[in-house]
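Below is one structure; the comments refer to it alone.
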Amino acid sequence: MQVSIANPLLRTPLALIVDDSCPVINLTYHWIRQRQAWKARFQPNAPFNPGDGDPARLHLVPPTIPADFAVRWGEWCAEQGVKGKFSLVPFPAGVARVDQGLPGFPRDEVERWMRAYREVICPNFDITCEMLTHSHVVDLRTWQLTDEWEQYEWVDPPVAPLTEYIAASMRLVRDAGMPCEGVTSPGAFGAKKESAYARATLEAAQQVMGNPRPFYFLRVVDPPDAWPDAPIWHAEPERGVAIASIICCTHDWFGGWTGYDAGDPDRFLTEDLQGGVLAPVLARELPCVMVGHWPGFYYGGAEVGFDVLKEVKRRLDTYDPDGSKTRWMKTSAIGHYWMARQLSEVRSEPLANGGQRVAVTTRFPTGDFTLWLDQPCTQVALNGQPLRQVYSRRALAEGAFLVEGSRTAVAFDLPEGETTLTTAPAANPSAA
Ligand SMILES: [Zn+2]
């Protein structure tokens, strides 16, 4: 019998990645000023580059973003079921350290922000660091800023200090009381040495968080030139150790990293659901991970990026009104699913009753693990316990099976170790 691993509950993963976020501080406000100062020193004759920020529009970028907005944004995501990843830049622009409570900023506002992270954002979003400052590289011996930039010089980072640097960043997030499930690259940090970067992140996550299965976000692909996936690096199947690369299939068409470049929901998905980058990705049932930047959701208080998000979510709901086609997931859950998908061993053997015994052996646990069996089944048992039959994709959940034509989907929580399914086929499969 053919057995294949399907998407979780036969649904296309959706996730929202939020970059450049941190408590209180608007990273963009400092980032543009520091970049302009750096250019004045080192590249005084360089032409204008919007990627360095526009000094003429700096007045549109406030120095801080209020906790009240984070709470409202996070509660909207919770109500809507939106999940993904939300950065916590731990030493934003080198201005103040989050593990020290952001000295210099109002204490009650810092506390409101940390409560927003813990109570409103964490339940639905993985927290990652986005390296230490997202601007200048920090000298870890002195904690002073160097003239190098995390997202420029360290696109091709020195390998020797990489694990220590990433571990230092994770430690700040951890010591601020947050789980740190992986890392986000500031810009293209690490892109020219991706294997070493993935290795260093995996080692840092094990050292600091005791996490053998972290993820990182570095890459964006542009369909139809390339399609999203969740590649797994440095897998050690016997030890249950690996790291996932979470790949976005959109750019920031919410409100930009600047917070003054308005996006457009049509670039994600048009009103008629036929156009935009997400349409063909959804049709192919590939992970739909979108990226936005925190200053752009706030947009200097105009909330332009937030409004774009609301409209994109409305259109995704129109595409999938009963929730049977898509599923919002934390990015760590996408990583864990793809690890289970690629690194589990699945064996099947026929039983005397015409059914099958399917054994899944793994060190990579995941929820909502879903198999297609190419046989219509009247009964499926999980480790000897009969599963419930459902009759629509909408009802498919862990602990259930669904017959569609000549095949059966089975969904269950996949723990470490061996999991066994036994099936009883329809009495006359050819008539099924
Ligand atoms: Zn960033």
Lys83 - accessible surface, heavy atoms, 1.4 Å probe, Å² rounded to 10: 70
Sequence-distant residues sharing a close amide H with Thr378 (under 5 Å, placed H): Ala424, Ala426
Stretchable slack from Thr64 to Asp147, in nm (0.36 nm times residue separation minus alpha-carbon distance): 27.4 nm
Cα long-axis angle, helix 27-42 against the chain (0 to 90 degrees, to the nearest 10): 50
Nearest-10 value in Å² for the accessible area of Arg57, using the 1.4 Å probe: 90
For Trp328, distant residues with modelled amide H under 5 Å away: Leu14
Cα centroid separation - the range 372-432 against the range 12-34, whole Å: 43
Rule-of-thumb Rg ratio for the range 345-431 [Cα; 2.2 N^0.38 Å; N residues]: 1.02
Probe 1.4 Å - accessible area at Trp149, Å² to nearest ten: 0
Estimated inter-spin distance, Asp374 and Ala56, nm [label 7 Å along Cα→Cβ]: 6.3
³J(HN,Hα), Karplus 6.51/-1.76/1.60, whole Hz, each residue of the range 228-242, x for Gly, Pro: x, 7, 10, x, 9, 10, 6, 6, 10, x, 6, 9, x, 10, 5
Acute angle (nearest 10 degrees) that the helix 67-80 long axis makes with the longest principal axis of the chain, alpha-carbon atoms: 20
Hull volume in cubic angstrom per residue (convex hull over the Cα atoms of the range 12-334): 135
Rounded tilt (10° steps) of 194-209 against the dominant C-alpha axis of the chain: 90
Cβ charges +1 (Lys, Arg) and -1 (Asp, Glu), total dipole of the range 345-431, debye: 240
DSSP bridge pairs, the range 1-159: antiparallel proportion in percent, nearest 5: 35
Of Cys77, Pro415, Ala204, farthest towards positive along the dipole that unit charges on Lys, Arg, Asp, Glu beta carbons give the chain: Pro415
Distance in nm between pseudo-label sites at Arg347 and His234 (7 Å out along the Cβ direction from Cα): 3.1
Simple label model, 7 Å out from Cα along Cβ direction - Asp272 to Thr420, nm: 5.5
J(HN,Hα) series, the range 214-222, from Karplus relation 6.51 cos²θ - 1.76 cosθ + 1.60, nearest Hz, glycine and proline x: x, 9, 9, 10, 9, 9, 10, 10, 10
Hydrodynamic radius of the range 247-336 per Kirkwood, over alpha carbon pairs, in Å: 13.4
Partner lysines for Lys193 [C-alpha distance under 27 Å; skip if fewer than 8 residues away on the same chain]: Lys39, Lys85, Lys330
FRET efficiency, Ala381 to Phe42 (Cβ-Cβ, R0 51 Å, nearest 0.05): 0.15
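The values are calculated or read from the model by the stated rules, or taken from the named source; none is laboratory data. Computed from a prediction, not measured in an experiment: that's the story for all the values here. When we count neighbours, we look across all protein chains shown, and the Cβ atoms used for this are built from the backbone with ideal geometry, even at glycine. What goes into the accessible areas is simple: the full protein's heavy atoms, side chains included, and nothing from ligands, DNA or RNA. Shrake-Rupley method; radii C 1.70, N 1.55, O 1.52, S 1.80 Å.
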